[in-house]
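Data first, discussion second: the structure below is written as structure tokens.
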Amino acid sequence: MSVRGIKPWESLAKVWYRYLQLAIKTNQPINWIYYKDWGDEETISSTSFNRWWKEKGKDLFTPTPLEVEQVSSDDGYVTVRIPLAIRKEDAYSQIGEILKDNQSKGSISTMLKYAPTGRINPNTLIRYQRILEIDLNPKNQGKPFKVKAEALLKLYEKNKERLIKQATTLRAKNKRMMIKLPNTSKLKGKERATKNEYQMIDIRVAHRWLTQGRKVLKNVAKGEFPGKDYY
């Protein structure tokens, strides 16, 4: 059940879940005690995120609701008592003051049983996830890393084209929607001449993303997402 005013952390959970699937696929030692509420290895390996989210994930990643006298405040929670006879307007006002006084002591993440650790940058984590998936794809085994990096760039360019087409369609319908296009400048690097061609992709960047993705993969296997030792 969703908590009013608090959106379930579905986007973050989706990336985390995919990393766990990749950790299983690469035979990482999984901390199944930590992930016991998520399901077993076979279930997670064969279940799509959308189905898992409906069956388990949404409940696991929905923060517990804050239940107007303050009784206690610790570990990211505030406990209050609300007299049944109080006017709703007064209750709302007093709860607002209690939250104002306590929000600096914690955050929504402290209310989650499965809370991320370390710095959270979804776009960065997705970059790492995509190059990991390309690297682990059986079709790419044995291929030069440049080919894998180029596959990543093509994926971003294809996504960019799709978003531009979507924006054009919305404009034609007089609808406004903020669409953020993927930034591929870091991956492309600077154009420079080689013996046979112009180098249009910075392989070093893609390799660094893969290295960091492997760190996140190992962290997820241990029960940490994304962990504190990646950048």
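The values are calculated or read from the model by the stated rules, or taken from the named source; none is laboratory data. Quantities reported herein were computed from a predicted structural model and do not represent experimental measurements. Positions of Cβ are generated from backbone atoms using ideal geometry, with glycine treated the same way; all protein chains shown enter the neighbour counts.
Taking L66 and the conditions (1) assigned to a loop (DSSP other than H, G, I, E, B); (2) among the hydrophobic types (A, V, I, L, M, F, W, C); (3) at pLDDT 85 or above, which numbered condition does it fall short on, given that it satisfies the others?
The number of the failed condition is (3).
Return only the number of the condition from (1) touching a helix residue (DSSP H, G or I) at 6+ places or on another chain (Cβ under 8 Å); (2) outside any helix (DSSP H, G or I); (3) among the charged types (D, E, K, R) that K36 does not satisfy.
(1)
Only one of these conditions is not met by Y19: (1) surrounded by 14 or more Cβ atoms within 10 Å (Cβ to Cβ); (2) at pLDDT 95 or above; (3) more than 23 Å from I134 (Cα to Cα). Which number is it?
The single condition Y19 does not satisfy is (3).
Which members of segment 74-111 meet the condition of being at pLDDT below 70, surrounded by 13 or more Cβ atoms within 10 Å (Cβ to Cβ) and among the hydroxyl-bearing types (S, T, Y)?
S109
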